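Q: I have a structure I would like to understand better, so I am pasting it below and will then ask my questions one at a time.
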Amino acid sequence: MGKELDFLAKRIGLEDISQSSYFPKYFEIETIRACNARCKMCTVYEWEGRNNRMEDKLFMKIADEMLPYNDWIERVCLSRNGEPLLDKNISERIRKLKNYGIKEVSFSTNASLLNEKKSVELIESGLDDIRFSIDGYTKETFEEIRTGLNFEEVRDNCLNFIKLRNERGNKPTVQIRMALQERNYSEEADWKKYWLQKVSEEDIVTSKKIHSWGNQLDSGELKTNESSNEPCVSLWSTMVVHFDGNVPLCGCDYNNKVLFGNIYDSTIQEVWQSKKFQDLREIHSSGKKNDISLCLGCSVWDREQKRIYKPGEE
């Protein structure tokens, strides 16, 4: 597994994988666990602790612990399980992290709540990157996949955000994303062409096949690739923190089946360097990833599953 770990180190931006134990390079912070959509490829019905928001006290503890490492941290994503725009303080939280010198702050959204007032707040907060999930080219397909949302409303919110952003500069960058599945495969080409004409040169349009959330969701169209036993980059690069301070295995572990600790009780560094975290890294690096049910055949972090398009490209 030496070559695989060397590859992971390069992917994270390190000279040696041993440097990864210092502090997480990436964070996914779930500031709210609530959503106004019921998407076909989501596990929202299974979330424990639904409709809860991260306390300000916990968010500030996390931010304060990040401050001394702001040169080390590459990105903080303020979304995990839930719709970030339901967090009434999302813009203030972005601004706090930017004031603390965090290089990149981002989040993913379904854009249904992205009115003009909220758009301006986000643009002025210092947000670096925003990712819009638009899983269909037609109204019929989009609303079949993203149950509870209105196609025209989401599309127009995204277009208006891009317009407002362009009037003020080039930040935040925009990603238009499609979760590829049987319902929308036939629309990807038209979807890609449409959105590449709407975004700016610094933005991207990207599509990626849906996954099984660590074998916890059976969509009927996914097969587990048990031959894939490469160590996962997430264990060496990324810390996920849920709304209640729990630190799970990864972003797929929405109900903390593998729990490393809690940021209320411990520091970020204590959890990151804990024996349990180290033991899981050892399992992966020794070629036994598939012994963990959540990791069995997982391809979430497989770059080959993702297609990235830039304006001006064919």
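The values are calculated or read from the model by the stated rules, or taken from the named source; none is laboratory data. Just so you know, these numbers come straight off a predicted model, no measurement behind them. A quick note on method: Cβ atoms are made from the backbone with ideal geometry, for glycine too, and the neighbour counts reach across all protein chains shown.
Q: What residue, of 76, 44, is within 27 Å of residue 270 (Cβ to Cβ) and among the hydrophobic types (A, V, I, L, M, F, W, C)?
A: Matching residue, one of 76, 44: 76.
Q: Name the residue, out of 85, 114, that is at pLDDT 95 or above, of a type in the set (A, V, I, L, M) and under 16 Å from the mean Cα position of the chain (by Cα).
A: Among 85, 114, only 85 is at pLDDT 95 or above, of a type in the set (A, V, I, L, M) and under 16 Å from the mean Cα position of the chain (by Cα).
Q: Looking only at residues that are part of a helix (DSSP H, G or I) and modelled with pLDDT under 95 in region 33-56, which one is nearest to residue 105 (Cα to Cα)?
A: Checked region 33-56; the qualifying residue nearest to residue 105 (Cα to Cα) is 44.
Matching residues to (1) touching a residue at least 12 places away in the same chain (Cβ under 8 Å); (2) farther than 21 Å from residue 103 by Cα; (3) in contact with a helix residue (DSSP H, G or I) (Cβ under 8 Å, 6 or more places away or on another chain); (4) of a type in the set (D, E, K, R):
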| site | (1), (2), (3), (4) |
| --- | --- |
| 131 | yes, no, no, yes |
| 158 | yes, yes, no, no |
| 164 | yes, yes, yes, no |
| 172 | yes, no, yes, no |
| 177 | yes, yes, no, yes |
| 182 | yes, yes, no, yes |
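Q: Among residues belonging to region 83-101 that are in contact with a Leu (Cβ under 9 Å, 6 or more places away or on another chain) and outside any helix (DSSP H, G or I), point out the one that is surrounded by the fewest Cβ atoms within 10 Å (Cβ to Cβ).
A: That would be 101.
Q: May I pose another question? In region 122-148, how many are buried (at least 20 other Cβ atoms within 10 Å of the Cβ) and over 19 Å from residue 210 (Cα atoms)?
A: 3
Q: May I ask you to verify whether residue 237 is surrounded by 15 or more Cβ atoms within 10 Å (Cβ to Cβ), closer than 29 Å to residue 53 by Cα, among the small types (Gly, Ala, Ser) and at pLDDT 95 or above?
A: Yes.
Q: Just to be sure before I move on: is residue 63 within 30 Å of residue 112 (Cβ to Cβ), free of Cβ contacts under 8 Å to residues at least 60 places away in the same chain and either surrounded by fewer than 19 Cβ atoms within 10 Å (Cβ to Cβ) or in contact with a strand residue (DSSP E or B) (Cβ under 6 Å, 6 or more places away or on another chain) (or both) in the structure I sent?
A: Judged against the criteria, residue 63 is a match.
Q: Within region 66-82, which residues are part of a loop (DSSP other than H, G, I, E, B) and touching a residue at least 40 places away in the same chain (Cβ under 8 Å)?
A: 72, 73, 74, 78, 79, 80, 81, 82
Q: Can you find a residue that is surrounded by fewer than 17 Cβ atoms within 10 Å (Cβ to Cβ) and aromatic (Phe, Trp, Tyr) anywhere in region 23-30?
A: No, every residue in region 23-30 fails to be surrounded by fewer than 17 Cβ atoms within 10 Å (Cβ to Cβ) and aromatic (Phe, Trp, Tyr).
Q: Here's another thing I want to ask about it. From the list 7, 59, pick out the single residue that is aromatic (Phe, Trp, Tyr) and modelled with pLDDT under 95.
A: From the options 7, 59, the qualifying one is 7.
Q: Looking at region 47-60, which of its residues are among the charged types (D, E, K, R), in contact (Cβ under 8 Å) with a residue 12 or more places away in the chain and closer than 19 Å to residue 266 by Cα?
A: 56, the sole residue that qualifies.
Q: Continuing with this model, one more query. Filter region 169-187 down to the residues that are surrounded by fewer than 16 Cβ atoms within 10 Å (Cβ to Cβ) and at pLDDT 95 or above and list them by number.
A: 171, 186
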